[in-house]
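Worksheet for the structure shown next.
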Amino acid sequence: MAAEKFLTDKDLLPIINKAIKDFSGDSTQLESAIGMLFLCVRLGWAPMMLIHSRATIKNYEKILGISIRDIAPKEGRMSGRSIGYIMLRRAQDFWKAVRGEIPDVRSPKIAKA
């Protein structure tokens with residue numbers, strides 16, 4: 001999928017159905033990958049990099065057969081709800097934050113709308 005075209009809710013079902021059909025293993029991993037997919041299209045791939053480790057994201061991408069950078073914008077329409085991403089805006093160095101080199105920026109927390 002081209003980087004300019006991001007997934008809509010309608011686009012999610014075929015990806016999920018294929019992942020379910022092809023999956024073998026711990027079902028909690030499949031469930032978590034699907035949850036990440038839903039959040040990613042709303043928050044964007046950058047907040048997801050602060051919520052999950054790179055290894056976890058790679059695992060979920062493999063399960064889903066996607067790349068989050070290809071299916072979601074860097075900042076989604078709800079990226080401002082990610083506590084880690086809000087803190088990152090102050091830190092100004094995304095990749096250092098992703099690597100954990102900036103303390104207390106990585107966070108799985110989401111603020112209420």
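Quick look at the numbers
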read-out	value
Members of the range 29-76 found to be touching a Cys at 6+ places or on another chain (Cβ under 8 Å) and in contact (Cβ under 8 Å) with a residue 40 or more places away in the chain, listed by number	71, 72
Helices (runs of 4 or more DSSP H) fully within the range 61-113 counting 1 or more residues that are farther than 27 Å from residue 16 by Cα and among the β-branched types (Val, Ile, Thr)	83-91
Residue match in the range 75-85 (condition: within 16 Å of the chain's Cα centre (by Cα), loosely packed, with under 13 Cβ neighbours inside 10 Å and within 21 Å of residue 6 (Cβ to Cβ))	yes
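Readers should treat all values here as calculations from the given coordinates under stated rules, not as data from a laboratory. Remember, it's a predicted structure, so these values are computed and weren't measured experimentally. Glycine also receives a Cβ, built like all others from the backbone with ideal geometry; neighbour counts cover every protein chain displayed.
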